Every structure is written in structure tokens, then in C-alpha cells.
1. For each of S338, S332, count neighbouring Cβ atoms within 10 Å of the residue's Cβ, then give the residues from fewest to most.
2. Using the Cα atoms of the range 22-112, I'd like the radius of gyration and the largest Cα-Cα distance, Dmax, both in angstrom.
3. Kindly give the semi-axes, whole Å and largest first, of the ellipsoid equivalent to the range 122-272, taking each as the square root of 5 times a Cα gyration tensor eigenvalue.
4. Give me the percent of Cα-Cα pairs in the range 309-444 that sit more than 24 Å apart, rounded to a whole number.
5. Please list, in order along the range 239-249, the HN-Hα scalar couplings obtained from phi with the Karplus expression 6.51 cos²θ - 1.76 cosθ + 1.60 (θ = phi - 60°), rounded to whole Hz, x for Gly and Pro.
6. Sort L130, L166, L279 by Cβ crowding within 10 Å, fewest neighbours at the top.
7. Using every alpha carbon pair in the range 222-366, what percent of pairs falls into each 10 Å bin from 0 up to the bin containing the largest distance?
8. By per-residue mean of other Cβ atoms within 10 Å, what is the highest-first order of 372-380, 43-51, 19-27?
Amino acid sequence: METKYIFVTGGVVSSLGKGIISSSLARLLIARGYRVTIQKFDPYINVDPGTLNPYEHGECYVTVDGHEADLDLGHYERFTNIHTTKANSITTGRIYQNVIDKERRGDYLGKTVQIVPHITDEIKRNVKQLGLTGNFDFVITEIGGVVGDIESLPFLEAVRQLRWELGENSLCVHLTYVPFIAAAKELKTKPTQHSVKKLQELGIQPDVLVLRTEHDINADMRRKIALFCNVAPDAVIQSIDCPSIYEVPLAMHAQHLDEIVLRKMGVTPEGEPHMAPWLNFLQKMRDASEPVTIGLVGKYVELQDAYKSINEALFQSATYNDRKLDLRYIHSEKLNESNADELLSPLDGIIIAPGFGHRGIDGKFAALKWAREHDVPTFGICLGMQCMVIEFARDVLGLPEANSSEMNPLTPDKVIDIMEEQKSVSNLGGTMRLGAYDCQLKPDSLAAKAYGTTMVSERHRHRFEFNDEYRRRFEQAGMVCAGENPQTHLVEIVELPGKRWFLGTQYHPEYSSTVLSPHPLFMSFMAAAIEYRRQKADKAGK
Ligand code: GLN
């Protein structure tokens, strides 16, 4: 089958969940046996989102090939179970950089380089890149931003041209918002009409409309929208708020989104999508009533998107362990030794979050000391693992000034230090240890038991490392280096074997936890938290 291209655009307002709609459609097509990938085009100038503050754009997701990407790629992977790569995340900055590089190389042979055709051609080349691999039947391209934005114009012009070139092998799904005016008790379709008009002005006729709404949109209203927007009435689909984003594929299938998309692209849908494993997850999610309380200690707690993949990994592992996740965010800047007991004792398990810079670091140390001394299941991720090492050095190895050279370059005991090869790097974009690296596990370690194997590959995003000069001292004092890179011997996992569950990873396991394959370390951590909760309840005689 020739590769088919589906474009997902958005209108009226941002944050409508284009990523979730794209992912849900992908899930349904995959469940019908097709090979599908999703890519995101972001209209900002940053070459990649790696340099964006989490307050700006939420979590930075990392692909196996080491690309720092928009957090929507995390949704894509969690829904599709398929790895994304650098080719799945493109920004205006990258498009311009490629064009300017070509111009400098003389590739344009003296021509005037312009937005049309040079920028739009580069966008089109990037849209088709994944399709040309021959690995996919469908390439879903999500265009970031809102129709009508100045910055998305070149992307939409590229979509217009591609639709013309590809004909039936392309399709546009437009996502809009239907607000409910409480005073009038009425849903309003006008913003949708305007946004479709805007798209039509740009030469794009949407084939399918997905309407985000908080209230049911009745058939009459859908017919009205269809009439005004030149869209078939059955292709006007509502996306009403669901209790969980993982329900959205079902809501879309109930309105035949997958069949409509296939038919419009000349494919006759056969049978039903194979959704049994997905439904099993949803059933567990609905059935789970007993809570498990996990605390996430970090500095971006006001902003849930900053820890998106960790939240989802926790949610998936709680669900598969038949528990309802009760996730509490604990602000690392507000945590100290005097309030640790009050803030942490209700928890069954503690996550020490990743991060950069000094802010909030002392709260992480306070949490770790308390957790270690009270033997609460604790999982340190990236900076969280580094904090485990530092706190242990200070408190157990008797090195009160132990630190990471990130936090204090002058400390005499840099138990976490910059990697040799990163020392000369001053340009911040993409200069970290990024992407998947192998990790060899000690056979009898907690990690090896959780994974059920001794060789894994996990994704990284950091500059600093466990300082190998201290390894012996840590191991003698009981902190085991349970995983290391087989080539460089960099320490990837530390554990305290005497504890219930006390483990830190230099890498980010959360990036590879998906709905259909929850991450083994999160599963093991969650099981330990549940067991600890049970022990606490037994002790309290409940
Ligand atoms: N700031 C630390 C480093 O660069 C940890 C990074 C992280 O938590 N992602 O090594």
C-alpha cells in the first residue's frame, strides 16, 4: 500500500489535544493491522525544544536516537508502542536551519531563497521523510499551533500543496472547540465555522472535523456544522471530555473515526480493530478503587506537564497493579528536615524527580534522608539518582561537602561530576548525553530482578555522571552500582540492597513506559509501594 498522509490541524484555541486525537487515531489504525507513525511540526523558532524551560512547554521528551522533542511525542509512543525519532519532531527553527545551511552550501545555485517555495519545500520534504522509509502505511502529521497564527502559515501552505499532490492519499482532520455559554446554556458553533473558513481561505478543505466539547453536541448541531463547513455529516465527530485520555480511542471508534478516515482515503475497512489489550488496560483502570499514594518531589510541581512521562508511567504501573494512583506533588523548595515527616509519612512511595540547577535541591536531600531512614520505597530519576548519591555521601560516607559539580564546581568531593567529553561544550543546544545507551545489570540486583534480564537499553538526558573515583567507597558502605554502561563503565543505577526498594537511575525509564508495555522498574517500584502500604496497614491493625 502506498503511504498515506493524514494532517491534523487545530482551530479556535490551543491545548485542545491534537496530540491525543492523533494518537487515538494511530492506535485504532494500528489495531487494524496498519503500520503508523505520528510526527509533530512545531511552529516555534527554537531548533528543538531542548532549551525550553519546562514552564514554557512542559516536559522535554527524548527519543531513542537522542532527539529532544515536544512532549506530544511521549503521547505518540504511549499510545502506539512505537519508537519515535528525530524525524518525528520538527520545528520552524529546524526547517530554517536546514534551508539556511543549504543556502550557505550553494545548493540553491544563486536563486533568491524564499518562504515559498524553499521553506515550504523543506517542510514537504520533512513531511514525506518518514513515508519514504517504506516502514509506514500511514504518516500522521500534527501541525502545532492554531489556524490563523502567523507562524503556522508556511506549514499550512505546505499541507495545501501536499493535499493537491497526494490527492486521495492525503486527508485533513481539523480539531476545533465548541464552547458552552453557561448564561445562555448553549453550545456555540460559530468559532468552528470561522476556523474552518480560515482553513478554506488558505486552500485547505478539512475532510473530518473533531469538535472538542464539554457537553454533548446533538445531531442537528452536527448537521449544521457539516453544512456550513462542507464536511460530510458523519465526518463531524465530537470529542467530549473523557475521564482519561486513554478512553479517547474508544470514543473515536464509537463514532467510526477510523472507518471514515480509511474510506476517505480509498481503503475499505475490514472487521473491527483488535483492541483487546487496550480494553484490558481500560478495564483495570475502571476497576481500580484501592489507592496507592505516591509523592513526587520536584521543583516544577505547579505544572503537571513538566513531569508528564513520569505521571503516565506511574499511572500505568498503578493500573496494572490494580490500584488507583493517588499522586501528590511535593514542592522540593518547601521541603526540609523539619517538615519531611509531616509531608512524607502519608506516602507509600517517593519519586525524586529529574531536573537541572540548584533550586529545590536541598528539599530533595531532605526527602532522601527521611526516605532512607524510614525505609520507604524510593525511586530517584536522573537528578534524583544524583541526589541519592550525594545525600548518601554526605550522611553515610561522612563527606559533608559532597556535591555535584553542577551545583558547586568548587566542592572538594565531586561525587557527581561533568563527563570528560562534555567539558569543552559551551553551546547548550543538544550537548548532553542524549538518547538510548546500553546498561549492563548486576545479576542479583533489584534492577535485574525487575527487568528479568541483565542487559537493557534506556534513554538519557544529562551532562553529569557518577564519579567513578568514589565507586569503591560507595560500594563498601552499601550503595551498590547495580548497572553500568558496558563500553564506558559509567554508572547507570545505584541501589541500597538492605532497603525495601531504594533505587536510582541516571537514565529516564519513564520515556519508554507505554500503555501496552508498562516499564518494569515502575512496575516493581509500584509493587513495593503497595506492599509497603499493606505492611503499614497491618501494623496499624486495619
Ligand atoms: N542536571 C543533571 C545533569 O545534567 C540531571 C539532568 C536530569 O535530571 N535530566 O546531569
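Taken together, the values in this text are just the output of simple stated rules run on the coordinates, not laboratory data. Source: prediction; values computed, not measured. Positions of Cβ are backbone-derived with ideal geometry, glycine not excepted, and every protein chain shown enters the neighbour counts.
1. S338, S332
2. Using the Cα atoms of the range 22-112, the pair Rg, Dmax is 15.7, 49 Å.
3. Working from the Cα gyration tensor, I get semi-axes of 27, 20, 14 Å.
4. 39 percent
5. Running phi through 6.51 cos²θ - 1.76 cosθ + 1.60 with θ = phi - 60° gives 10, 7, 3, 10, x, 9, 4, 6, 7, 4, x Hz.
6. L279, L166, L130
7. 10, 27, 23, 18, 14, 7, 1
8. Order by mean packing, descending: 19-27, 372-380, 43-51.
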